[in-house]
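Engineer: The structure follows.
The values are calculated or read from the model by the stated rules, or taken from the named source; none is laboratory data. All values reported here derive from a predicted model rather than from experimental measurement. Positions of Cβ are generated from backbone atoms using ideal geometry, with glycine treated the same way; all protein chains shown enter the neighbour counts. Accessible surface is based on the protein model in full, side chains and every heavy atom, while ligands, DNA and RNA are left aside. Shrake-Rupley method; radii C 1.70, N 1.55, O 1.52, S 1.80 Å.
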Number of protein chains: 2
Amino acid sequence: MDIAAYMAEVGQQAREAATAIARSSTATRNRALLATADALDAARDALAEANSKDLENGRANGLDTAMVDRLELTPARIDGMIEGLRQVAGLPDPIGAITDMAYRPSGIQVGKMRVPLGVIGIIYESRPNVTVEAASLCLKSGNATILRGGSEAIHSNQAIAECLVTGLRDAGLPDTAVQVIRTTDRAAVGELITMPQFVDVIVPRGGKGLIERISRDARVPVIKHLDGVCHVYVDSHADPEKALKVAVNAKTQRYGTCNTMETLLVDREIADDILPLLAGAFREHSVELRGCDGSRAIVPDMLAATEDDWFEEYLGPVLAVRVVDGLDGAIEHINRYSSQHTDSIITENYTRARRFITEVDSSSVMVNASTRFADGFEYGLGAEIGISTDKIHARGPVGLEGLTSQKYVVFGDGHIRA
Amino acid sequence: MDIAAYMAEVGQQAREAATAIARSSTATRNRALLATADALDAARDALAEANSKDLENGRANGLDTAMVDRLELTPARIDGMIEGLRQVAGLPDPIGAITDMAYRPSGIQVGKMRVPLGVIGIIYESRPNVTVEAASLCLKSGNATILRGGSEAIHSNQAIAECLVTGLRDAGLPDTAVQVIRTTDRAAVGELITMPQFVDVIVPRGGKGLIERISRDARVPVIKHLDGVCHVYVDSHADPEKALKVAVNAKTQRYGTCNTMETLLVDREIADDILPLLAGAFREHSVELRGCDGSRAIVPDMLAATEDDWFEEYLGPVLAVRVVDGLDGAIEHINRYSSQHTDSIITENYTRARRFITEVDSSSVMVNASTRFADGFEYGLGAEIGISTDKIHARGPVGLEGLTSQKYVVFGDGHIRA
């Protein structure tokens, strides 16, 4: 297979489909989403069969249990995909919204109209349900999509792609508005991220290694976050009860997510009092603590943290702990070591809360709330395609709006510039 | 001079200054702008002296008259810089604005806060007044700036840089919040556009060649437009008087700007009637017309347009003219040949106006208005750093808001995720 030629064809088809889908009505796009949901429901046997091929191959190729688990399309996960499609169909359509329309002194009326970005490339790893999640958000926001899933999920993804094609046809939209790449050749990714003539933005979802590679090599804008090194800072003016509740939730509510706290910062002024309580709470959850010297002077049974620990995204029951010199020390630590994902202060002090949200340069800054809230659903975006820790275009959880742009519309009545 | 080391130092200093400027108050940043204005006013002799060196060198090196003209800092241009600084000081501060704050079902309150991008690199050609224009917008929006002007303006730019430093010091901001690169070595540009650790976005201003090179080689996001191939489409339902007025204004009000019309499209249905009138009006302005066969059948003294003419940004008194098959033909032509800058329809027909603004995929789409309105001042942005024909981040005229990002702020009261 000539990968470059194949990808150019996929790109060209996506570019053409993008025009059709951008012009389609809200009802048409919703119909495609709902018809895809119906098609998935009708294709449960075919999905199971395709998925079992992937699972067999995966086990034969020695995939680890966690990977095999992510690969599996259980009936509950198929239900989840169907439900997700129906939810996205129910979200308000961002496309065509005109805002800020105002008259200018010249007499022209100027506003902004929300429009699709065009063609979105999604690169992801093993979970086949991402195929539906990502495609549904791109479709709803009027974009054409090119999906490149993990090679270990190729049969499952192709089976899902057939349901998407059924949905698109039912709505009278071009089949090529959503394309799942049919080759597992890695060269396809290299092509996808270097075709600015066909692809407007790339959204990679996966491990830090994948995302670093893509960001380095892409010739197309990338919406991404590399990792989530999130902090909770317990200020000396914290309500201890809130501090305990939030810190424990931020770490233990789920270990493997990017918005999980990885480093706990404690104000030196209250460390003697609160650190033993916090350590006790984490011990109950079997969280391994790695502390700075100051922390270990108070709670001696912590392991010693090294410089590397401050940068580490554990994604597991391990927590770095550091005693800092008040708010200034906390902000300095965060702006140095944080991945600019999500950071929270626990305090009852108005001025410190205000300084924290102003001076911490992260995509989500919080006061007296768990970092686990940094999520498209929790923020009311309806769904998210990912979380961005970049500053350009989209920052924080990225929902439908992040997959759109705004153009200027100008209404006149024969107006000319003087 | 070790260019890589020098640029890394400039970058590091900018990154550090960015934190200080991001935290500075509106009043502080305005004071820096006003003090720079005063410093320029007091430095008129020094500016004239530095500028005369550049002018002498330019003439000695055989710069053409247009280039020498752009290079000159006349008293009127210095007045313009001073006035520009005062205007920017008077603009509303975008930084810190919190919007969309709302309670979520979980009880947390979520909103968005506008924040600076960080460090902005500006690359431009001969006009030294761009130094002040660009620096003032970046400063107002809380960003640190690295400016790289044309090598032929190096003395003028350094003299202006001294005034900026005076302004920054007067306001108690770090000198390094605005840095003008002190070398004319082209390698400095190569470094500037490949330091994502120090630079958050590049705004190139200049010819298409410069911008293409920068976009190709940059490892940092670029806000740009390559060229302005703008269209006016005269629909069969146009009011002929408006059509004439707008078409003539769009072409002749100023020839050298990116929002000037370069191709006129005329609906076949009214071409026999209106094309002779339009041609006559352009003849009065000595505009050379290059027409398609259909146009030349009606106005025989036009030159014959070639395929290249549809892509051409003449930036002068030349206009391509094409007869098209109604609105569909116009949209097809525009979406194929337009540089997605600004396109306008002249029509009294509601449905056609609505289709045009929806289906033309350009950064500004207009009805019955001159393309010359596509401009930050005319749109009410106060000023513009440039015009973007990209879809990511900023589209159309880019003002202060385009130099900012939004982070999420979350307020809780000990809220945890269930």
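Engineer: Cβ-Cβ below 6 Å, separation at least six or inter-chain, first residue in the range B:184-208 and in a loop (DSSP other than H, G, I, E, B), second among the hydroxyl-bearing types (Ser, Thr, Tyr): which pairs?
Structural biologist: From the range B:184-208, the pairs are B:Thr184/B:Ser151; B:Gly206/B:Tyr124.
Engineer: Report the residue count in the range A:1-37 for those that are touching a residue at least 24 places away in the same chain (Cβ under 8 Å), of a type outside the set (Ser, Thr, Tyr) and either more than 23 Å from B:Asp361 (Cα to Cα) or not in a helix (DSSP H, G or I) (or both).
Structural biologist: Residues that pass the stated criteria total 10.
Engineer: Scan (1) closer than 23 Å to A:Glu401 by Cβ; (2) part of a strand (DSSP E or B) for the single condition A:Gln179 breaks and write down its number.
Structural biologist: All conditions pass for A:Gln179, except number (1).
Engineer: Yes or no: the range B:192-208 includes at least one residue that is in contact with a helix residue (DSSP H, G or I) (Cβ under 8 Å, 6 or more places away or on another chain), assigned by TED's automatic domain parsing to the domain that holds B:Asp38 and among the polar types (S, T, N, Q).
Structural biologist: Among the residues of the range B:192-208, at least one is in contact with a helix residue (DSSP H, G or I) (Cβ under 8 Å, 6 or more places away or on another chain), assigned by TED's automatic domain parsing to the domain that holds B:Asp38 and among the polar types (S, T, N, Q), which makes the answer yes.
Engineer: Moving on to the next point. Being surrounded by 24 or more Cβ atoms within 10 Å (Cβ to Cβ) and either among the polar types (S, T, N, Q) or touching a Gly at 6+ places or on another chain (Cβ under 6 Å) (or both) narrows it down to one residue among B:Ser156, B:Ser151, B:Ser126; which is it? Before the answer, list the steps.
Structural biologist: Values: B:Ser151 fails: surrounded by 24 or more Cβ atoms within 10 Å (Cβ to Cβ); B:Ser126 fails: surrounded by 24 or more Cβ atoms within 10 Å (Cβ to Cβ).
Answer to the selection: B:Ser156.
Engineer: If you check A:Thr184, A:Thr131, A:Thr194, which single one turns out to be farther than 16 Å from A:Pro221 by Cα, β-branched (Val, Ile, Thr) and open to solvent by 20 Å² or more (accessible area, probe 1.4 Å)?
Structural biologist: A:Thr184
Engineer: Need the failing condition index for A:Val360 against (1) more than 30 Å from A:Pro116 (Cβ to Cβ); (2) among the aliphatic types (A, V, I, L, M); (3) within 7 Å of another protein chain (Cβ to nearest Cβ), just the number.
Structural biologist: All conditions pass for A:Val360, except number (3).
Engineer: When the range A:235-262 is examined, which residues are found to be charged (D, E, K, R) and within 26 Å of the chain's Cα centre (by Cα)?
Structural biologist: Correct list: A:Lys245, A:Lys251, A:Arg254, A:Glu262.
Engineer: Still on this structure, I have one more. Given the structure, is A:Val178 of a type in the set (Val, Ile, Thr), out of contact with any strand residue (DSSP E or B) (no Cβ under 6 Å at 6 or more places or on another chain), modelled with pLDDT of 95 or more and assigned by TED's automatic domain parsing to the domain that holds A:Ala66? It would help to see each step written out before you state the result.
Structural biologist: Values: of a type in the set (Val, Ile, Thr): yes; out of contact with any strand residue (DSSP E or B) (no Cβ under 6 Å at 6 or more places or on another chain): no; modelled with pLDDT of 95 or more: yes; assigned by TED's automatic domain parsing to the domain that holds A:Ala66: yes.
The answer is no for A:Val178.
Engineer: Let me ask you something else. Considering only residues of the range A:120-165 that are within 19 Å of A:Gly80 (Cα to Cα) and hydroxyl-bearing (Ser, Thr, Tyr), which is modelled with the lowest pLDDT?
Structural biologist: Filtering first and then ranking leaves A:Ser126.
Engineer: Out of the residues in the range A:1-12 meeting the condition of being open to solvent by less than 60 Å² (accessible area, probe 1.4 Å) and not small (Gly, Ala, Ser), tell me which one is nearest to A:Ile193 (Cα to Cα). Talk me through it step by step, then tell me what you get.
Structural biologist: Here is the first cut: in the range A:1-12, the residues open to solvent by less than 60 Å² (accessible area, probe 1.4 Å) are A:3-8, A:10-11.
Add one more test, that the residue is not small (Gly, Ala, Ser), and what stays is A:3, A:6-7, A:10.
Values: A:Ile3: 13, A:Tyr6: 14, A:Met7: 10, A:Val10: 13 Å.
This residue is A:Met7.
Engineer: For residues that are of a type in the set (A, V, I, L, M, F, W, C) and either free of Cβ contacts under 8 Å to residues at least 40 places away in the same chain or in a strand (DSSP E or B) (or both), tally how many sit in the range A:332-342. Walk me through how you get there before you give the answer.
Structural biologist: The first filter runs over the range A:332-342 and keeps only residues of a type in the set (A, V, I, L, M, F, W, C), leaving A:334.
Now narrow it down to the ones that are either free of Cβ contacts under 8 Å to residues at least 40 places away in the same chain or in a strand (DSSP E or B) (or both): none.
Number satisfying all stated conditions: 0.
Engineer: Kindly indicate whether any position in the range A:285-292 is free of Cβ contacts under 8 Å to residues at least 40 places away in the same chain and under 18 Å from the mean Cα position of the chain (by Cα).
Structural biologist: No, every residue in the range A:285-292 fails to be free of Cβ contacts under 8 Å to residues at least 40 places away in the same chain and under 18 Å from the mean Cα position of the chain (by Cα).
Engineer: For the range B:94-108: of the residues being of a type outside the set (Val, Ile, Thr), open to solvent by less than 50 Å² (accessible area, probe 1.4 Å) and not in a strand (DSSP E or B), which is farthest from the other protein chains (Cβ to nearest Cβ)?
Structural biologist: Taking the candidates together, the pick is B:Pro94.
Engineer: Just checking, which of B:Gly111, B:Gly58 is in the same structural domain as B:Asp200 (by TED's automatic domain parsing), part of a helix (DSSP H, G or I) and surrounded by 15 or more Cβ atoms within 10 Å (Cβ to Cβ)? Spell out how you get there, then give the answer.
Structural biologist: Numbers: B:Gly111 fails: part of a helix (DSSP H, G or I).
Exactly one residue qualifies, and that residue is B:Gly58.
Engineer: On to the next question. Go through (1) more than 11 Å from chain B (Cβ to nearest Cβ); (2) at pLDDT below 95 for A:Leu381 and report which single condition fails.
Structural biologist: Checking A:Leu381 against (1) more than 11 Å from chain B (Cβ to nearest Cβ); (2) at pLDDT below 95, the one that fails is (1).
Engineer: Test A:Phe373 against the stated conditions and say whether it is under 22 Å from A:Gly228 (Cβ atoms), among the aromatic types (Phe, Trp, Tyr) and buried (at least 24 other Cβ atoms within 10 Å of the Cβ).
Structural biologist: Values: under 22 Å from A:Gly228 (Cβ atoms): yes; among the aromatic types (Phe, Trp, Tyr): yes; buried (at least 24 other Cβ atoms within 10 Å of the Cβ): yes.
When the stated conditions are applied, A:Phe373 passes them.
Engineer: Which of the residues that make up the range A:404-418 are over 23 Å from B:Val222 (Cβ atoms) and at the interface with chain B (Cβ under 7 Å from one of its Cβ atoms)?
Structural biologist: Scanning the range A:404-418 gives A:Val409, A:Val410, A:Phe411, A:Gly412, A:Asp413, A:Gly414, A:His415, A:Ile416, A:Arg417.
Engineer: How many residues does the range B:384-403 contain that are closer than 20 Å to A:Glu401 by Cβ and within 9 Å of chain A (Cβ to nearest Cβ)?
Structural biologist: Qualifying residue count, the range B:384-403: 7.
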